[in-house]
1. Looking only at residues in segment A:204-220 that are assigned to a loop (DSSP other than H, G, I, E, B) and among the charged types (D, E, K, R), which one is nearest to the other protein chains (Cβ to nearest Cβ)?
2. From the list A:L228, A:L216, pick out the single residue that is in contact with a strand residue (DSSP E or B) (Cβ under 7 Å, 6 or more places away or on another chain) and on the phi > 0 side of the Ramachandran plot.
3. Considering only residues of segment B:142-187 that are of a type in the set (G, A, S) and at pLDDT 85 or above, which is nearest to B:E116 (Cα to Cα)?
4. Among the listed residues A:G223, A:G150, A:G170, which satisfies the condition of being within 18 Å of the chain's Cα centre (by Cα), among the small types (G, A, S) and part of a loop (DSSP other than H, G, I, E, B)?
5. Scan segment B:53-68 and give yes if some residue there is basic (K, R), outside any loop (DSSP other than H, G, I, E, B), farther than 21 Å from B:V193 by Cβ and within 14 Å of another protein chain (Cβ to nearest Cβ), otherwise no.
6. Residue check: is A:S115 of a type in the set (G, A, S) and surrounded by 21 or more Cβ atoms within 10 Å (Cβ to Cβ)?
7. Going through B:R160, B:R97 one at a time, which residue ends up being within 14 Å of chain A (Cβ to nearest Cβ), among the basic types (K, R) and surrounded by fewer than 21 Cβ atoms within 10 Å (Cβ to Cβ)?
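The values are calculated or read from the model by the stated rules, or taken from the named source; none is laboratory data. What you see is a predicted model, and the numbers here were worked out from it, not measured in a lab. Reconstructed Cβ throughout: ideal geometry from the backbone, glycine too, with neighbour counts over all protein chains shown.
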Amino acid sequence: MGVEIRVEGLTKSFGRQTIWQDVSLTLPAGEISVLLGPSGTGKSVFLKSLVGLLKPDRGHIWIGDRDLPYLPERDLYETRKLFGVLFQDGALFGSMNLYDNIAFPLREHTKKGESEVKRIVMEKMELVGLLGAEHKLPGEISGGMKKRAGLARALVLDPEILLVDEPDSGLDPVRTAYLNQLIVDLNAEIGATFLIVTHDINTARTVPDNIGLLFLRELVMFGPREMLLSSEEPVVRQFLNARRAGPIGMSEEKDMSELEAEAKMGMEVGKLPPIAPQLMPSDGRVRPGQAPPGAWCAAHGVTPPPGSFVDDLGRNWVEEWPRYVASMGHSSAAGHGQGGQQPAGGAR
Amino acid sequence: MSTPGIGADQREGRKSGGGNAALRKISDGATNVAIKEPGRFFALVLDTFRAMFQWPFQWREFIQQAWFIVSVTVVPTMLVAIPFGGVLSLQVGGLIRQLGAQSYTGATAVVAIVREASPLVTSLLVAGAAGSAMCADIGSRKIREEIDAMEVLGINPLHRLVVPRMLACAFIALFLNGLVSVVGLIGGYVFNVVLQDGTPGAYLASFNAIAQLPDLLQAEFKAFVFGITAGLVAAYKGLNAKGGPKGVGDAVNQTVVITFMLLFVENFIISTLYFQFVPSKGM
């Protein structure tokens, strides 16, 4: 059920250009985390570093007792079997049809017979809504279908860690919503650790347990969703509310004079919108890794803004949660919160 | 928790760069060409040879690639070999007639074509047709993130893609070399007999007067080495393609240029060594 990833002091540069430095965070086992950041802050580079496709200059990525950047090649390939990765445009093999693409990891790494392979592939294709498109080539389908096929391929080996690069790019809002729901459902079903790289705030507001924000070569903040959504930190506040007012400028950052001018014009971010409730698995399951709503805030003495855990129907999920868990008959999920203690990660 | 004054240090860093930027860019470029690129290429070569002995060998890919290389090279090879043989026999035939050694036209044509011309034509085709196609294929996979996806799925792209391509290229180069020899000789024969009024008997009788079996073997050895080299350069450039479709175009361009240069140098080295170690046949 999911694997914890501990990142310590990770630094990456291309030539003289530092992409990010001293990034430390812990992706808690079985939880969904989202990494946000303006375009070009190296979110995808971070994701690729996590699977060992790019070697960081310094720092460690601990998966269990294995330090990924320093593993010998053989162990690295072995460790990668824990991962499923959905690349930005699916990264399907252009010479194979969708069925073969999705069956590829099974044929490579398992000794399953062709009928078993077919059963698993069809199951995953149904999951992502691609039944009937088995014989299409990646060149013949739309971007959204490629992405879903890529997700199916990432899922066939039942990964412990799923990394998703911009699930929303090039998708319409409805399909994005479906895909987000699918991610939450998947997490409930397989309990894998998820990291989603995106700059879609709706995704960030509704899907994850934790949010991280990269800006200007630094990890500005990483912590539970509610903490970042109610954060007073200007960069976090600006980004999560998609305002022009704040330290993030069009190209990179704004200087002091621009910020002062903004303040004079009264462009500061006003009252924050209430924190949207987290997506629940669509068939009402409790996600195995999920901490109870408000647990982190309670443990750290943070008062969530009014309306934080209230959904459309006016239910307060902090109060609703134990009842919900009980009604689902999951005792383990309630226990997982460990009396309001947020699983490792916390803020930097 | 928060990071106050984010970016202040970076802002200063950026200002101090200034003056020597152009110089630094040139020196960066020079180190890149002189040290980094050859170093990385060498690393890829070592990794590829290591991957060559990994089980299981990708027979399917090997056969598909071999067939693909045949399909892009056979016709151009023949079309290049015919005029090549013709030109050689025109040049050499004229010279030989002036020396009064018409009876040796066949012998000179065989030596020129088998020893030198056919490895050269093979190298042109292997680099220009096979290498460029291979680089375009691997490069486009790279920019579509297929290579990354493959690595993430726990599969070594060197083992899966590069080794079968490299060996297919070398394998087919052996046959291409043979093809060029045969077609070139036929072309030479036709030109000699039809255009230069040579006698068929003289051409055929002196066939093995100077040439010997090691000539053919060294040519085949050259072709094999050319195939390996072309495959490796194409793989290296393809795997390092970046920056979208234009990046693939650049990689293909560089592959062809670099492969040509390397193959001509290799040809020179192998020929020199050959003449040092294998005595010419006495007449």
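1. Going residue by residue through segment A:204-220, those that are assigned to a loop (DSSP other than H, G, I, E, B) are A:207-209, A:216-217.
Adding the requirement that they be among the charged types (D, E, K, R) leaves A:209, A:217.
Numbers: A:D209: 18, A:R217: 6 Å.
If we take residues in segment A:204-220 being assigned to a loop (DSSP other than H, G, I, E, B) and among the charged types (D, E, K, R), then A:R217 is nearest to the other protein chains (Cβ to nearest Cβ).
2. Values: A:L228 fails: on the phi > 0 side of the Ramachandran plot.
Matching residue, one of A:L228, A:L216: A:L216.
3. We begin by selecting, within segment B:142-187, every residue of a type in the set (G, A, S); these are B:149, B:154, B:168, B:170, B:173, B:178, B:181, B:184, B:187.
From the residues that got through so far, the ones that are at pLDDT 85 or above too are B:149, B:168, B:170, B:173, B:178, B:181, B:184, B:187.
Details: B:A149: 43, B:A168: 23, B:A170: 18, B:A173: 15, B:G178: 12, B:S181: 10, B:G184: 12, B:G187: 16 Å.
Residue satisfying both the conditions and the ranking: B:S181.
4. On the way: A:G223 fails: part of a loop (DSSP other than H, G, I, E, B); A:G150 fails: part of a loop (DSSP other than H, G, I, E, B).
Residue meeting the stated conditions: A:G170.
5. The first filter runs over segment B:53-68 and keeps only residues basic (K, R), leaving B:60.
Okay, now just the ones that are also outside any loop (DSSP other than H, G, I, E, B), so B:60.
With farther than 21 Å from B:V193 by Cβ added as a condition, the list becomes B:60.
Imposing the further condition that a residue be within 14 Å of another protein chain (Cβ to nearest Cβ) reduces the set to B:60.
Yes, because at least one residue in segment B:53-68 is basic (K, R), outside any loop (DSSP other than H, G, I, E, B), farther than 21 Å from B:V193 by Cβ and within 14 Å of another protein chain (Cβ to nearest Cβ).
6. Judged against the criteria, A:S115 is not a match.
7. Checking each option against the conditions leaves just B:R160.
Residues checked against (1) in a helix (DSSP H, G or I); (2) at pLDDT 50 or above; (3) of a type outside the set (A, V, I, L, M):
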position	(1), (2), (3)
A:V302	no, yes, no
A:G307	no, yes, yes
A:L313	no, yes, no
A:R323	yes, yes, yes
A:A326	yes, yes, no
A:A334	yes, no, no
A:Q341	no, no, yes
A:A344	no, no, no
